[in-house]
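Asks: Got a structure for you, questions after.
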Amino acid sequence: MDQPTASVSPSAARALGVEAWVDAIAALTRPDEVVWCDGSRVEYNRLTRQMVDTGTLLQVNPEFRPSSFLARSDPSDVARVEARTFICCESEDDAGPSNNWRDPAQMRSTLDGLFAGSMRGRTMYVVPFSMGVVGGRYSKLGVQVTDSPYVVASMRTMTRMGTDALRLIRETNDWVAAAHTVGAPLIDGAADVPWPCNATKYISHFPEQREIWSFGSAYGGNALLAKKSFALRIASVMARDEGWLAEHMLIIRVTNPRGRVFHVAAAFPSACGKTNLAMLAPSIPGWKVETIGDDIAWLIPGADGRLRAINPEAGFFGVAPGTGAATNSVAVDTLWGNTIFTNVALRDDGDVWWEGLTEKVPTGLRDWRGEEWTPESGTTAAHPNSRFTVPAAQCPSIADAWDDPEGVVIDAIVFGGRRATNVPLVVEARSWEHGVYVGATVSSERTAAAEGTLGELRRDPFAMMPFCGYNMADHWSHWLEVGTGSRSAGRAPRIFQVNWFRKGDDGSFLWPGFAENSRVLAWILDRVDGSAAARDTPLGWAPVEGGPDSGGLNTDGLDVDESALFALDPVAWSAELDDTERFFSLFGDRLPAQLQAQLADIRQRFAAL
Ligand code: GTP
Ligand code: SPV
Ligand code: MN
C-alpha cells in the first residue's frame, strides 16, 4: 500500500464499482491491510475477541450477559457533534438555514488532506450493508469503509451487513458510499489507545453524490454511518427526489381490546422517548404494543394512497440511563446478551450498571471512565449519553412483521418534544396541513445526545433538525405534498402532538409517563377508530374532560392534574407563537404558505377564546 495508485478520486472510481472505490480509498488512506467483511457470527466473534485483547472492549461477565462487551470511549467522544456536521450540496439554499453548509469542492479538498494516510498502521474494513432486508422493495444499499473494529461490530448489529448485501451491491452498483476514519494513524509502530479518535472532526454529507465522509470520531451517530448519516440525511434527499419520507421515528403495532390492529409512527427528538414508546408495556388492560422500530422510519406512499413504513435498521442503539425494570422492562429484557455497551458503569462482579437500571446503587462500581465511583463522587456513574447496541430481533416485544419488506400501513403519526411548559399532554391536529405545522414547530429542551447546553430550548422540526439533508422548509413542502397530493387520496394518517415532559410549579413531571403513556396511545387510536370524544382547542382536538365515561382520556387510578396537563396560557402562547413566527422567517420564501396560514389560524383561535 506504499505506492498510492489513485489516478482517479474515490468519488470518480465509484462508477467503476465497489472494488474500484475501495481501492481508491485505500490508496488515499494507506491502511496496512484491507478486510472485506462477510457479516458472519464467526467474524463478529473474532473482531470482539481482538478488541478485548487490545483493550478497546471489556468482556461483560458472560454468566450475566453472554457475548456482551463494554466500550469506554475517549471522554471527548461521547455524542454527536452537530457543529461539525456538514451538508455539502452545490447550492447553499438547498441545505437551508438549519444546516451547516460547505462548498462541496472545498470540503472535498479538506477531506482529501485529512484522509491522506489516515489509516496507516491500521486495518481498513469494508462493510457492505443493506438498510431494510436485503433485496426488499424499499431497501437501500451502502458500503462503509472504516478503520474502527468497534464500528464494524456495531454495524453488524445495526444493519444487514455482509455477503448477501455485497452480492446485490456488485449486481446493481446502486449504493451509498460512506468513508470513515478515526483519524489516528499509527506511524512507525506507535502504540494504539483503546478508543482512537481525533480532536478534529468532520461529519460530511454530499447528498447529490449520495456520499458520506466522516473523520475523527467513533461515537455512534458520528461513525455508524448507516444510521443518521445515511438512513436520515442522505435518505431524506433520496426520499424528496423519489416521493417518500425518511424520518426520525419509531414504529409500533398496537392492538386494541377489540382486536383491531393499528400502526403508529412517532417522531421525538434525540433522547426524548422513542425507544421507550417503541417498547411500551401498556398499563391499561386489553391493549398490546409490539415493536417494529425505535429510531428511523422510511415512509412510502402506496398506490392505494396509504402510507407504508419500514424500519431500515436491524438493531437498537439506545440510551442506557433511565432504562430500568420500572420504566422499560422490555428494553432490560432485550439486553440479556449480544450487546455492546458504551460508556456505562461496571460492577465489581463484571456486569454493567447505569443510573435507573436498579433503584439500589450497587457498591464497587467503576464509572464510564473506569474510575472507582460512589454516589458521593458528584458525577454520574454512566455517561448521560451512554448507549446499548443490541439486535432488534432479540426484543421480546418485537412484532412478527417487523422486517416485512412491504412495510406496515401507518394509521397515526405522533410528534413530541421535551417541554416543561405550554405544550399539552396530547392534541390531535385538525388536518394534514395542521399536522405538518405541528411537526414543523416541534421544540425541545436539549439533551445529552448531542454536544450543547443541557435544558436549553431549541426548535427541532419533525425531530429532524440535525438530520434533514436538505432545506427544512422544502421538507415541510414535501410533507404537505405527500399527505395532500393526489396519491394520498384522503387516506393519509391522522396526526397528533404529545408531551410527556410537562412540569408543575414544583418542578416535577405532571404526567407519570412510560407505561402510562399507553393511556394517551389509547385515546389517539380511539380517535382513529372513531370512539373517543374531543373538544376543540386553539392547538387542535383535546380529550374531553370527565375521563373515559365521557369518551375522554382514561386517567382512572392515576393521581394527575388534568387541568394543568392541558392548560393553555394565552400570554405564554402569544410569546410562543411570536417565537414560531421568528423561526419561520428564517426560511424566507421557501416557507410553505400553508404553514403561515396555520400560524395565523392558531393566533385567531387564541384571540377568540
Ligand atoms: P435517541 O435514541 O437519542 O433518539 O433517544 P430516544 O428518543 O429513543 O429516547 P429514549 O426512549 O431512550 O428516552 C430518553 C430518556 O427519556 C431516558 O432517560 C428515558 O428514561 C426518558 N423518558 C422516556 N420516556 C419518558 C416518559 O414518558 N416520561 C419521562 N419523564 N421520561 C421519559
Ligand atoms: C440520536 O442522537 O438521535 C441517537 C443517537 O439515536 S445517534 O445515533 O448518535 O444519533
Ligand atoms: Mn432511541
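Asks: Starting from the residue with the highest accessible area, list Trp541, Trp432 in decreasing order, probe 1.4 Å.
Replies: Trp541, Trp432
Asks: Per residue, how big is the convex hull of the range 519-588 when only Cα atoms are used? Give it in Å³. Walk me through the numbers on the way to the answer.
Replies: Details: hull volume 8.5 nm³, N = 70.
Looking at the range 519-588, the number lands at 121 Å³ per residue.
Asks: Here is a follow-up. Computed over the Cα atoms of the range 316-391, what is the ratio Rg over Rh, Rh following Kirkwood? List each step's numbers first, then the result.
Replies: On the way: Rg = 11.5 Å, Rh = 12.3 Å.
Rg/Rh for the range 316-391 comes to 0.94.
Asks: Sticking with this structure for a sec: Roughly speaking, to the nearest percent, how much of the range 316-391's 1.4 Å accessible area is carbon and sulfur?
Replies: Numbers: 1600 of 3100 Å².
Exposed carbon and sulfur together represent 52 percent of the surface.
Asks: So what is the calculated 222 nm ellipticity per residue for the chain, using -39500 (n - 2.57) for each DSSP H run with n of 4 or more, over all residues, to the nearest 500 deg cm²/dmol? Don't skip to the end; give the middle numbers.
Replies: Numbers: 17 runs with 164 residues, N = 609.
One gets -8000 deg cm²/dmol as the mean residue ellipticity at 222 nm.
Asks: Quick one: which of 521-531, 466-476 comes out on top by average Cβ neighbours within 10 Å, and what's the full order, highest first? Kindly include the intermediate steps, with their values, before the conclusion.
Replies: Working: 521-531: 19.3, 466-476: 24.1.
So the order, starting with the most tightly packed, is 466-476, 521-531.
Asks: Which values, in whole Å and largest first, are the semi-axes of the equivalent ellipsoid of the range 100-205 obtained as the square root of 5 times each eigenvalue of the Cα gyration tensor? Write down the numbers at each step before the final one.
Replies: On the way: eigenvalues 145, 68, 27 Å².
Gyration-tensor ellipsoid for the range 100-205: 27, 19, 12 Å.
Asks: Further question: Could you pull out the pairs from Lys274/Lys360; Lys140/Lys227; Lys228/Lys503; Lys140/Lys201 whose alpha carbons sit more than 22 Å apart here? List each step's numbers first, then the result.
Replies: On the way: Lys274/Lys360 26 Å; Lys140/Lys227 12 Å; Lys228/Lys503 30 Å; Lys140/Lys201 27 Å.
Table pairs above 22 Å Cα-Cα are Lys274/Lys360; Lys228/Lys503; Lys140/Lys201.
Asks: Taking the highest mean first, how do the peptides 503-516, 224-237, 160-173, 283-296 order by number of other beta carbon atoms within 10 angstrom per residue? Show your work: numbers first, answer last.
Replies: On the way: 503-516: 14.2, 224-237: 27.5, 160-173: 17.8, 283-296: 20.1.
My ranking of the peptides, most packed first, is 224-237, 283-296, 160-173, 503-516.
Asks: Given Cα pairs under 8 Å that are at least 6 residues apart, what percent is the relative contact order of the chain?
Replies: Details: 1372 pairs, mean separation 85.4, N = 609.
Relative contact order, the chain: 14 percent.
Asks: At 1.4 Å probe size, with the rest of the protein present, what percent of the exposed accessible area of the range 511-556 is carbon and sulfur atoms? Can you show the working numbers first?
Replies: Details: 730 of 1640 Å².
It is 44 percent, rounded to a whole number.
Asks: Would you mind getting the accessible area per residue of the chain, heavy atoms of the protein chains only, 1.4 Å probe, in Å²? Intermediate results must be reported in sequence, preceding the final value.
Replies: Numbers: 22490 Å² over 609 residues.
That works out to 37 Å² for each residue.
Asks: A follow-up question, please. Post the alpha-carbon centroid distance, the range 535-604 to the range 67-90, in whole angstrom.
Replies: 35
Asks: Expressed as a rounded percentage, what relative contact order does the range 224-364 have, with Cα pairs under 8 Å and six or more residues apart?
Replies: Values: 207 pairs, mean separation 26.9, N = 141.
Averaging sequence separation for qualifying contacts and normalising by length gives 19 percent for the range 224-364.
Asks: If you average the C-alpha positions of the range 481-505 and of the range 345-402 separately, how far apart do those two centres end up, in angstrom?
Replies: If we compute the Cα centre of each part, the gap is 34 Å.
Asks: How do the peptides 314-326, 592-604, 145-157 rank, highest first, by the average count of neighbouring beta carbon atoms within 10 Å per residue? Don't jump to the answer; show the numbers that get you there.
Replies: Details: 314-326: 21.8, 592-604: 16.5, 145-157: 25.8.
Ranked from most to least packed, the peptides come out as 145-157, 314-326, 592-604.
Asks: I want the local charge near Thr421. Using Cβ-Cβ distances under 13 Å, sum +1 for each Lys or Arg and -1 for each Asp or Glu among the other residues.
Replies: So the surrounding residues net to -1.
Asks: Compute the length gained on full extension between Ser574 and Thr421: take 0.36 nm times their separation in residues and subtract their Cα-Cα distance, giving the result in nm to one decimal. Walk me through the numbers before you get to the answer.
Replies: Working: separation 153, 0.36 × 153 = 55.08 nm, distance 1.34 nm.
Full extension of this stretch gives 53.7 nm more.
Asks: Bin width 10 Å, origin at 0, all Cα-Cα pairs of the chain: what percent of pairs per bin?
Replies: Reading the bins upward from 0: 3, 17, 28, 27, 17, 7, 1, 0.
Asks: Next up: Determine the sum of side-chain charges near Asn471: Lys and Arg each +1, Asp and Glu each -1, restricted to other residues whose C-beta is under 12 angstrom from that of Asn471.
Replies: Working: positive: Arg240, Arg590; negative: Glu92, Asp93, Asp94, Asp474, Asp589.
Charge balance near Asn471 sits at -3.
Asks: If amide hydrogens are placed 1.01 Å from N in the peptide plane, which non-local residues have theirs closer than 5 Å to the one on Ala532?
Replies: Arg527
Asks: Next question. Going by the alpha-carbon gyration tensor, a ≥ b ≥ c the square roots of its eigenvalues, is the range 477-609 rounded (a/c under 1.5) or, if a/c is not under 1.5, prolate (a/b greater than b/c) versus oblate?
Replies: Details: a/c = 2.06, a/b = 1.32, b/c = 1.55.
Oblate, since a/c reaches 1.5 and b/c is not below a/b.
Asks: Plugging the Kirkwood radius over Cα pairs into Stokes-Einstein for the range 373-482, at a temperature of 25 °C and a viscosity of 0.890 mPa s, what D comes out in µm²/s?
Replies: 140
Asks: Considering only protein heavy atoms and a 1.4 Å probe, what is the carbon-and-sulfur percentage of the accessible area of the range 107-165? Before the final figure, lay out each step's value.
Replies: Numbers: 650 of 1450 Å².
Here it works out to 45 percent.
Asks: Would you mind classifying the range 1-122 by shape? Square roots of the alpha carbon gyration tensor eigenvalues, ordered a ≥ b ≥ c; an a/c under 1.5 is rounded, otherwise it is prolate if a/b is larger than b/c and oblate if not.
Replies: Working: a/c = 2.38, a/b = 1.42, b/c = 1.67.
Oblate, since a/c reaches 1.5 and b/c is not below a/b.
The values are calculated or read from the model by the stated rules, or taken from the named source; none is laboratory data. As the structure is a computational prediction, the values presented were derived from the model and not from experiment. Note: ideal-geometry Cβ built from the backbone for every residue, glycine included; neighbour counts use all protein chains shown. Ligands, DNA and RNA are excluded from the accessible area calculation, which covers all protein heavy atoms including side chains. Shrake-Rupley method; radii C 1.70, N 1.55, O 1.52, S 1.80 Å.
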